[in-house]
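To start, the structure under review is shown below, and the notes come after it.
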Amino acid sequence: MRPTEDPLSLPAKPATDAEEDDPSTGPDGSIGPTGRPKRHIPEPAMLERHGPAKVLAICNQKGGVGKTTSAINLGAALTEFGRRVLLVDFDPQGALSVGLGIPAHQLDQTIYNVLIERGPNLDEVVIRTTVEDMDLLPSNIDLSAAEVQLVAEVGREHALLRTLRPVIDKYDYILVDCQPSLGLLTVNALAAADGVLIPLECEYFSMRGAALLMDTIQKVQERLNPRLEITGILATMFDPRTLHSREVMARVVERFGDIVFDTVINRTVRFPETTVAGEPITRWAPRSAGAKAYRALAREVIAR
Ligand SMILES: Nc1ncnc2c1ncn2[C@@H]1O[C@H](COP(=O)(O)OP(=O)(O)OP(=O)(O)O)[C@@H](O)[C@H]1O
Ligand SMILES: [Mg+2]
């Protein structure tokens, strides 16, 4: 590194944004990366009016599986189909906020204040992102206190639902980026959601936690939120060159069947780059395979 280079400065834009192929976007009926023939996904219809939003919790108690990356990039891809999106950072780490270039640790008001204090209006806390039609409800470390504070509350599992209610009609999708745990915050996300989107890393151990996650989802369905559905399982960090990745994929499809999205997210350094750049991949490298994959995912999500 040259001495003048600031290691934390933004990387230069990729030198080329050459067209890359994404196997998820091949013709209908061809064998996709899941090993199944690809289903026909219709072109999303344009909307005449907006709302009420479908709330999707992006959830997996395993860390580093692509929850935050999927929230940012699915959200941005949905706006390309004319959908209005609110991203909810529901992790005290604030990675979603930071990944969109927002210095979350400096914010005075975050989701914590609306959730616990019920002081500020949601409109005063929601931030516009650089992506048109995509807003952010930011979070930072303050949210870590919420879990403890909520325990003593009546209706503690429905705090997020109450928080989001005033803006449901403004958006088409509200994506809630959960923290890697199955604690009270995640239960709140599931209680507020219409659907769960589960990113699953194509790694041997990823199947282990899946049973516990499914069990939690089922309990929330039975006890708190009967409308909750599993929107889909998204295979992430897939490396088509390794037998290991392909084997894990085959097991995931065997175990979960049709709820596994045809779209698969490959492992690529482009995603860590976008985090540093503070932009979704659909803008950072719009013609990359990663951007195409999240667009394909957006189409599947709209169709489900
Ligand atoms: N498809 C991918 N290929 C390579 N790296 C990826 C991919 N998706 C995400 N990453 C990188 O992996 C790391 C973890 O991703 P991400 O933060 O999205 O996971 P997470 O599930 O939200 O993690 P946590 O559980 O800590 O919240 C990040 O550095 C991200 O840039
Ligand atoms: Mg995350």
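The values are calculated or read from the model by the stated rules, or taken from the named source; none is laboratory data. Because the structure is a prediction, the values reported are computed rather than measured. Positions of Cβ are backbone-derived with ideal geometry, glycine not excepted, and every protein chain shown enters the neighbour counts.
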Select from the stretch 256-273 the residues that are more than 7 Å from ligand 1 (Cβ to nearest atom) and of a type outside the set (Phe, Trp, Tyr) and list them in ascending order.
-> GLY257, ASP258, ILE259, VAL260, ASP262, THR263, VAL264, ARG270, GLU273
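Per-residue answers, yes or no, for (1) touching a residue at least 12 places away in the same chain (Cβ under 8 Å); (2) touching a Phe, Trp or Tyr at 6+ places or on another chain (Cβ under 8 Å):
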{"residue": "LEU86", "(1), (2)": "yes, yes"}
{"residue": "SER97", "(1), (2)": "yes, no"}
{"residue": "GLN106", "(1), (2)": "no, no"}
{"residue": "ASP123", "(1), (2)": "yes, no"}
{"residue": "THR130", "(1), (2)": "yes, no"}
Quick one: in the stretch 58-103, of everything that is away from ligand 1 (no atom under 13 Å from the Cβ) and either within 8 Å of the chain's Cα centre (by Cα) or of a type outside the set (A, V, I, L, M, F, W, C) (or both), which residue is farthest from ALA291 (Cα to Cα)?
-> PRO103
Within the stretch 246-304, residues being assigned to a helix (DSSP H, G or I), more than 16 Å from ligand 2 (Cβ to nearest atom) and free of Cβ contacts under 8 Å to residues at least 12 places away in the same chain number 4
Taking the stretch 104-129 and keeping residues at pLDDT below 95, under 20 Å from ASP172 (Cβ atoms) and of a type outside the set (D, E, K, R) leaves LEU122
When residues of the stretch 27-77 are filtered for being under 19 Å from GLU201 (Cβ atoms) and of a type in the set (Gly, Ala, Ser), how many remain?
-> 8
Could you list, in sequence order, all residues of the stretch 77-108 that are more than 16 Å from ligand 2 (Cβ to nearest atom), crowded, with 23+ Cβ neighbours inside 10 Å and not in a loop (DSSP other than H, G, I, E, B)?
-> ALA77, LEU78, VAL85, LEU86
Residues within the stretch 25-60 that are part of a strand (DSSP E or B) and under 28 Å from VAL88 (Cβ atoms), tallied = 5
